[in-house]
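First the structure, in the form of C-alpha cells, and then the observations on it.
The values are calculated or read from the model by the stated rules, or taken from the named source; none is laboratory data. None of these values were measured; they are calculated from a predicted model. As a convention, Cβ positions derive from the backbone with ideal geometry for all residues, glycine included, and neighbour counts pool all protein chains shown.
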Amino acid sequence: MKKKNKIMYILLLLVSIVSISSISHAANVSSDEYKITSKENTNYIIGIYPNTRVEKVKANIKANSNINIYNEKGQAIGENEIVVTGSKIQIENETYIAIVCGDVNADGNANLTDLVKIKSHLIGKEILEKEKGIAADVDANGRVTSTDILNLKRLLVRIIEEREIFEKKYSNSEYEYKKNTLTNKIGITELIDTKASGTLQIPSKIDGNEVKEIENFLGENSKITKVTIPTGIEKISNIAFSGLTNLQGIEVSGLNENYCSEEGILYNKGKDTLVCYPRGKEEKEYTIGEEVKKIGEFAFYKNSKIEKLYLTEEIEEVEKNAFEEMKGKVYVKEGSDLIAMLIEKGINYAIDAKPEITKLTSTEGTNQVITLTIEATDDVGIVAWSVEAKGTEKINWKKIEATKNFQTKYQEIPTNGTYVVRVKDTVGNIGEKEIVIKEIDETTKKVKEIRIISPTSGEYEPGQKIIIRVSFTGNVVGEAPQLKVTVGNEIGTGTMTNTEARGTTDYIDYTYITNDQQMGEIGVYSYTGGSLKGTNGKPVSIFKLASVGNNVSIKLTLEELQGTTRIPNGQMSDAELAEINQHLENYINTAYKIAKAKGDINPKRAKVMAAAYWLIYNPFYRVQYQWGRPLAHDDYYGIGWDPSWSNTRGIECQNFVLWSLWNAGAKSIYPNASQLQHSEEYLDNGDHDFTVQQVLNAGIEPGDILRKSRTATENGHWSIVMTVNREEGYIEVAHAVDPKSDTKITRYNVGGRFRYQHLYKLPDFYN
C-alpha cells in the first residue's frame, strides 16, 4: 500500500510540474513585475504578491486599453480591494487569471491554510489543479516542491520579503548578481573583478537578461575613475559607488528613464535628488544646484576633496548619513531654515557671510536714461541681482554666472526716487543698498505701449495688413522712428509704412503687410531712429518697449491646399499628371513653411514631411495601407504620381517611408530598407520599446525615422516623425498602419503606449 501511494505521489507531482512548466507567454500585454503566460487557451498573470490591491496590480501591467478586474461572480473589484487567486483581469477581449503567490485558497493572503493545502498536494492527499496548482508554485519556477513550503513558511514569519522568493544568486568573472526567476531581471550585488580600472561600464545585459538594479555596495577600488550607467537601470543603491575612492565621474545614458548625470554627478531623472557625488572629483568648493530638493543617503560619503559644500535654500531634505565622514564643512546662509535640520541630524555646518555691495553710483545717460553701476563681492559668489523701487514687494532677480567680483550696469530706471539694489549669493544670502535717483527728466515723453490693433486676434493670410499702434505718455511731433517686427523666428521683411507725428495725438499707427514667406506670431524686434519730440520740445524716450498685445499669427495649413478633384481609375492624361505634380510641389513648399514656423528645420526634412503629407492629404483619393504594395514600379521613383498608381490604391509602411525619402532626393543614399537601417546614427533599444520620453530626450527631430521590430533582420513597422513637442510632451508620426486605416498621422503622448525600438537620424542625408 505504501509503495502504491508513493507511485501515485510521483505521478501527481509529474502532472503538476508539466501543467506549470508548459505555460508559454501570452500576447497583447506585458509587465516588468509579473509573468504573463498561457496554457490550453487560458491566460495567466503570475507573481502577484499576497495582499496586493487592485490599483497596484493595474499599475504593474502595461496595456493599450483599460484594465478591469472581476471576482468569481463577475462583479467588478474596487481599486482598494485585494486581488485573489482566480480573479479575472479583463484587457480588451482577453481574460487573464490572476495568480497570487501561495494563495491556493483564493483569499488573497498567504497563510497557514495555504501551507497545509500545499503539503497535502505534495503527498497526494489533495490535488491542487489549474490556478490553485499554479499558486502553489510559490517561487514561480515551474514546479511545486518542498522549497515552496519553505518559502511560504519564511513569508509567514517575515524572514524574507516577497521579492526574495523569486531571487537566485549567481556570479561570473566580473560580478555577483541576483536573477529574478519571475521577470528575469538582473540585480548586480558586488564587483568581484579585482583588476577593474579606468572606466567601469555597467553591463546592460548579463547572460542575455536585462540588468535593472545595482543593489549593493560594489566594493573597494582605487583604480576605477569613471562609471557608465546603461539605459535599463531602474534602481541604484545609495552606497553602490561609495567604495570607489578615485571615482571622478558617473555617466548615464540619455535614454535612461530613472537617472541622469551632470558634470559627473549622479541625480535622479528629475534632477531634484542628488544621489552620488563621486569621491575622486577634485573641486575644493561646491554649491548644490538650485533644482536639487533632496540630498540622498551617503551622497558625499567619505569625500576628502571638498572643503566647503554650500547648500541652497531650495533644499528640503537631507537624508541620514548624506555627509558621513566627509572632510569639509557644510555652509548655509545666515538664518537659514536648514540649520534646524542639520542640528537634528548632527551635521557639522558653518554660516556663510552676506555679500557686500562695494560700489553703487548713478549717472545720466542718453535720452535721460540712467546708468547704474554696481560692484559687489562675496566669498561664495554672486549669482543674481535686482533693482527695485523702495517699498516694492516683488523682487525680479536677474541671474548671472557665479563670480566673486561682480560688476554690472543697469539702465531701466523709469522715474526719480529711492531704489533698493540687491545681490544674492549661491547659498541665498542677500546684500543690499539704497540709492536715490534724481537725474531723470520727468517731463520727457516715453513709449507707453506697442500693440496690434488690427486684426484683434486669430489668424491672417499672406498679404494681410497688420496695424500696429505705438502709444506715448503725451502728444508727440516729428519724424517717426523705425519699427521692426518679428514673424515667428525671423525678423519681418514685409512692407512697413508709418506716418509723421503731427503733435495732435499720443500715438503713431504703423502698417505692416505680410508676405507669403512668413509664418508665426507677430512680435517687436526694435523701435529706433526718427526725431520725435514732446510738445515741450524735448526728445522722446523710447528705451523701454511694452509687450505686443493680441495673439495674431499667419493662417497657412495643408488642408487649405486640398482640392475636390478626384482622378478616376485608369490612365491619366498629361494635363491630369501636371495638375497632380503641381499640387505636390505646393505641398512641399507649404510643408517647408510649416516646418520653419516650428523652428529652424532643414529643407530636406521639410521635403520628406511634404511627401508624407501629400500621401495622407492628397486631393485625388486616399492612399490606403496594403501589405506588400510599393506604390511605384522599381524603375520609377520620381516626384509625382505614376499613371499606373491610379489602380493601386495601396501602400505598405516601409514603402511609405521610402517613397517620402525618394521624393525628397534620398534614393541614391537609401535605395532600400536594408540600407536605411545601416545609417550611422542609429539608436537601438533592442527588444524593448522606447517610451515617448526616451525618444524626446534623444534629440529627435521632424523627418527622423522610427522602426518597430524585435530583430535586426525583421523589417517591422516604419514611420516618419512629423511633430516634436517637448513642452507638451508628445510626438506625431506619419505611417501606413493597417488594412482598416488610411495612411495617417498618429499622436503619442508621454506616458502612453509607444511600440518602437529603433530610431534613425539619417545623417548621410540631412547633414
Could you check region 275-291 and list, in sequence order, the residues that are within 24 Å of the chain's Cα centre (by Cα) and either among the small types (Gly, Ala, Ser) or closer than 21 Å to Gln693 by Cα (or both)? Gly289, Glu291
Name the single residue that is farthest from Ile430 (Cα to Cα) among those in region 294-342 being touching a strand residue (DSSP E or B) at 6+ places or on another chain (Cβ under 7 Å) and basic (Lys, Arg). Lys294
Among the residues listed as Thr408, Thr371, Thr363, Thr377, the single one being touching a residue at least 40 places away in the same chain (Cβ under 8 Å), among the hydroxyl-bearing types (Ser, Thr, Tyr), part of a strand (DSSP E or B) and surrounded by 14 or more Cβ atoms within 10 Å (Cβ to Cβ): Thr371
Output yes when any residue across region 326-340 is aliphatic (A, V, I, L, M), more than 23 Å from the chain's Cα centre (by Cα) and in a loop (DSSP other than H, G, I, E, B), and no when none is. yes
In this structure, is Val100 touching a Leu at 6+ places or on another chain (Cβ under 9 Å), touching a residue at least 24 places away in the same chain (Cβ under 8 Å) and not assigned by TED's automatic domain parsing to the domain that holds His688? no
Anything in region 653-682 that is modelled with pLDDT of 80 or more and part of a helix (DSSP H, G or I)? List them, or say none. Cys653, Gln654, Asn655, Phe656, Val657, Leu658, Trp659, Ser660, Leu661, Trp662
Within region 373-387, does at least one residue satisfy the condition of being touching a strand residue (DSSP E or B) at 6+ places or on another chain (Cβ under 8 Å) and farther than 24 Å from Lys404 by Cβ? no
For Gly74, which of the numbered conditions (1) assigned to a loop (DSSP other than H, G, I, E, B); (2) closer than 27 Å to Leu155 by Cα; (3) touching a strand residue (DSSP E or B) at 6+ places or on another chain (Cβ under 9 Å) fails to hold? (2)
Which residues, taken from region 201-229, are among the hydrophobic types (A, V, I, L, M, F, W, C) and either farther than 17 Å from Glu251 by Cβ or touching a Cys at 6+ places or on another chain (Cβ under 8 Å) (or both)? Ile206, Phe217
When the residues of region 177-195 are filtered to those that are of a type outside the set (Val, Ile, Thr) and under 21 Å from Thr225 (Cα atoms), which remaining residue is surrounded by the fewest Cβ atoms within 10 Å (Cβ to Cβ)? Lys195
Would you call Asp137 at pLDDT 80 or above, under 22 Å from Asn180 (Cα atoms), in the same structural domain as Thr37 (by TED's automatic domain parsing) and not basic (Lys, Arg)? yes
Tally up the residues in region 717-739 that are free of Cβ contacts under 8 Å to residues at least 24 places away in the same chain and surrounded by fewer than 19 Cβ atoms within 10 Å (Cβ to Cβ), please. 4
Being among the basic types (Lys, Arg), over 39 Å from the mean Cα position of the chain (by Cα) and under 24 Å from Asn51 (Cβ atoms) is the requirement here; does Arg154 meet it? yes
